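Data block below; observations after.
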Amino acid sequence: MKKSPVLIGVTGGLGSGKSTVCRFLADRGCRLFEADRVARSLQVNDPGVVEAMVQLFGEGVYSRDRDGRLVADRAMIARRVFSDAGLLRRLNGIIHPRVRTAFDEAVREAGRDGVGMLVKEAAILFESGADRGLDEIIVVVADMQIRVQRALDRGMTSRDEVLRRIRAQWPQEELEQRADYVIDNNGSLEELRARTDSVYDMIRAKYHVPG
Ligand SMILES: CC(C)(COP(=O)(O)OP(=O)(O)OC[C@H]1O[C@@H](n2cnc3c(N)ncnc32)[C@H](O)[C@@H]1O)[C@@H](O)C(=O)NCCC(=O)NCCS
Ligand SMILES: Nc1ncnc2c1ncn2[C@@H]1O[C@H](COP(=O)(O)OP(=O)(O)OP(=O)(O)O)[C@@H](O)[C@H]1O
């Protein structure tokens, strides 16, 4: 039996359903590391990141809320980076190494806490080399029109905005080729839960994780 946690990566294109799969894995007792949440926190709490963001986007990228906390203008950043591949690369270059450091710490903490499985959810996994060191990789896929519709239903403002982001990501087929497990999410949420449970059970059996 592995003493350190089994490390699982969950990725997928925009609107594929990866956050939902991670929620189901958490229901089965996995600990979650949400890379986009960590990135969001670094963007307002890490002085080195804040400085680099100001260099890249200008002072106007930040304002302060009523309690004096920094707020990043995410809509402006998104508009700029998803229409400029070079700028997106530079933003990724600021954020991704620090997310990696935070993940390494999360792995150590999970080990200390005796956690069986630690799940890293990342929109960008292979692209930034964040798949290295993971034991198993799950890729969540769904047809393009379903993904776009789910993203719009969830509040993204326009089809154009959704498509621009999708174009900044690796094609789904590339992700699938690198996956240990592919979960199809063209069906209902119940089907998604059942598929997630069966992948979870396979991984649990392979590594003899109790639970
Ligand atoms: C561009 C930003 C400000 C947009 O913020 P917003 O709140 O609108 O979106 P959010 O962060 O919730 O991401 C929503 C979806 O956008 C797509 N997306 C986000 N970052 C990226 C990226 N670097 N490359 C391609 N697609 C991305 C993903 O599908 C993601 O699930 C933000 O996504 C960002 O700072 N991204 C760079 C850091 C990053 O790569 N984060 C993700 C994993 S570490
Ligand atoms: N099988 C499904 N049936 C109906 N709605 C679904 C299904 N799967 C996911 N959804 C919904 O679609 C939206 C996108 O799903 P989710 O947030 O899990 O995707 P994601 O890949 O994490 O997206 P993003 O890249 O935008 O963060 C959510 O509102 C979710 O509740």
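Test of understanding: in a Gaussian network model of the chain with alpha carbons linked when under 10 Å, which of L25, L152, L118 would top the mean-square fluctuation ranking? Ranking L25, L152, L118 by mean-square fluctuation puts L152 first. Do any trypsin sites (Lys or Arg not before Pro) in the range 124-207 lie in a DSSP loop with no more than 13 other beta carbon atoms within 10 Å, and if so, which? Listed in order of number, the matching sites are R132, R154.
Subtract the Cα-Cα distance of D153 and E176 from 0.36 nm times their separation in residues, and report this length gain in nm to one decimal. The partial results should precede the final answer.
Values: separation 23, 0.36 × 23 = 8.28 nm, distance 2.51 nm.
Fully extending the segment from D153 to E176 adds 5.8 nm.
Shape call for the range 57-211 from the C-alpha gyration tensor, a ≥ b ≥ c root eigenvalues: rounded (a/c under 1.5), prolate (a/b greater than b/c) or oblate? Here the range 57-211 falls in the oblate category. Candidates L88, N45, T11 compared by Cα position along the dipole of the range 1-152: farthest toward the positive end lies T11, with charges placed on Cβ. Reducing the range 108-153 and the range 78-107 to their Cα centroids gives an inter-centroid distance of 15 Å.
Using the Cα centre of the range 6-199 as the reference point, and only Cβ charges (+1 on K/R, -1 on D/E), how large is the resulting charge dipole? Debye, rounded to the nearest 20. Provide the component values of the computation, followed by the final result.
On the way: 30 positive and 31 negative charges, 108 e Å.
It works out to roughly 520 debye.
Computed on protein heavy atoms with a 1.4 Å probe, the accessible areas place D180, D197 in the order D180, D197, largest first. Extension gain for R37-S198 works out to 55.3 nm (0.36 nm per residue, less the C-alpha to C-alpha distance). Take the Cα of R74, step 7 Å toward its Cβ, do the same at R108, and the gap between the two points is 2.9 nm.
The phi-based Karplus calculation (6.51 cos²θ - 1.76 cosθ + 1.60; θ = phi - 60°) puts the 3J(HN,Hα) values of the range 4-14 at 6, x, 6, 9, 10, x, 10, 9, x, x, 3 Hz, whole numbers, x for Gly and Pro.
The values are calculated or read from the model by the stated rules, or taken from the named source; none is laboratory data. Please read these numbers as outputs of a predicted model, since none were measured by experiment. All Cβ positions, even for glycine, are placed from backbone atoms using ideal geometry, and neighbour counts span all protein chains on display. Accessible surface areas use protein heavy atoms only, side chains included; no ligands, DNA or RNA. Shrake-Rupley method; radii C 1.70, N 1.55, O 1.52, S 1.80 Å.
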